[in-house]
Amino acid sequence: MKIIANFKMNKTPFETKEYLMNIVPKSKDFNQEIILCLPYTSIAIGKFMTEGTSIKIGAQNLCEEEEGHSTGEISGRMLKDAGVSYVLVGHSERRSKFKENSKALNKKIKSALKNGLNVILCVGETLAERNTLKTSQVLKDEIEEALKGLYENELENITIAYEPIWAIGSGKTLAVKEIDMAAGIIRKVITNDFSPSAGENISIVYGGSVNSKNVGQISKAKKINGLLIGGACLDESSFLQILSTTNH
Ligand code: PGA
């Protein structure tokens, strides 16, 4: 099982160090794949503190360009060299606040893969889209636009994070049945576009208000391979609780 923590814009390098001083010694008790998506400024300390452990360091975004005239941006090559192994692409906050469109996301994914990074592609519907029964169409469109031009073997390095936008940071979550239904839709899209084995093997995680109290229930979903956790990962004891609940 994959447990991906999205720190968003939280924790300074010093705070990240303090956090990891509590997490790292206990990490050997867990057999999940733990991925910490840190702010850029915490990547170096994160990498240093987790050296020799199974914890992997992720970033939360990358620039679609390789280098050059893009003031304020960070490329896939830079992330790889900094020791990052995963990168979030297309988080709903980036799509809405920073106007990232599907064309740019497709380029970001290609650049990440070219630089040997694993991609966590975030997709999900708004509440209005859910209420008007558009969830399947939204998931299909977001996945197909993002993965356009990829070869089937590249899916090994892609994880799809299903995050209903209305569930992010809201305290609202989906019933297990609904999570499995969405994961089923995603597997079908991958099956149709690539192959049945690709649909079966694609790694899918669920995200949106997962916390230490609801994680036991949510992790009963059978069609997912892990969880993407925002707010509840920021407190060490809550994150450790999530890790122990999902440690099978
Ligand atoms: P949340 O965030 O767990 O705080 O809802 C999840 C995410 O946005 O990745």
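Suppose we keep only residues that are hydrophobic (A, V, I, L, M, F, W, C) and within 16 Å of Asn10 (Cβ to Cβ) within segment 53-67. Which one would you say is surrounded by the most Cβ atoms within 10 Å (Cβ to Cβ)? Here the residue is Ala59.
Here Gly116 meets each of (1) touching a residue at least 40 places away in the same chain (Cβ under 8 Å); (2) on the phi > 0 side of the Ramachandran plot with one exception, condition (1). Remark: pairs (first residue in segment 221-239, more than 11 Å from Ala5 (Cβ to Cβ) and part of a helix (DSSP H, G or I); second residue near the ligand (Cβ under 9 Å from one of its atoms) and not aromatic (Phe, Trp, Tyr); Cβ separation under 8 Å; 6+ apart in sequence or on different chains) are absent. Comparison of Gly199, Gly169, Gly184, Gly207 shows that the only residue that is within 16 Å of the ligand (Cβ to nearest atom) and at negative phi is Gly207. Checking Gly149, Gly169 one by one, the residue that is within 30 Å of Asp81 (Cβ to Cβ), surrounded by fewer than 17 Cβ atoms within 10 Å (Cβ to Cβ) and out of contact with any His (no Cβ under 6 Å at 6 or more places or on another chain) is Gly149 and no other. Scanning segment 55-66 for residues that are in contact with a strand residue (DSSP E or B) (Cβ under 7 Å, 6 or more places away or on another chain) and either assigned to a loop (DSSP other than H, G, I, E, B) or of a type in the set (A, V, I, L, M, F, W, C) (or both) yields Ile55, Ile57, Ala59, Gln60, Asn61, Leu62, Cys63, Glu65, Glu66. Condition check for Ser203 on (1) in contact (Cβ under 8 Å) with a residue 60 or more places away in the chain; (2) crowded, with 21+ Cβ neighbours inside 10 Å: one failure, at (2).
Within segment 94-101, can one find any residue that is at pLDDT 95 or above and either among the aromatic types (Phe, Trp, Tyr) or closer than 30 Å to Asn247 by Cα (or both)? Yes - at least one qualifying residue is present in segment 94-101. Within segment 1-52, being in a helix (DSSP H, G or I), in contact with a helix residue (DSSP H, G or I) (Cβ under 7 Å, 6 or more places away or on another chain), free of Cβ contacts under 8 Å to residues at least 60 places away in the same chain and crowded, with 22+ Cβ neighbours inside 10 Å holds for Thr16, Leu20, Ser42, Gly46. Applying a threshold of 8 Å to beta carbon distances and a minimum spacing of six or more residues, or different chains, the list of pairs starting in segment 167-190 at a residue that is under 14 Å from Gly208 (Cβ atoms) and ending at one that is charged (D, E, K, R) and within 14 Å of the ligand (Cβ to nearest atom) reads Ile168/Glu93.
The values are calculated or read from the model by the stated rules, or taken from the named source; none is laboratory data. Note that the coordinates shown come from a computational prediction; the quantities given were computed from them, not determined experimentally. All Cβ positions, glycine included, derive from the backbone under ideal geometry; neighbour counts span all protein chains shown.
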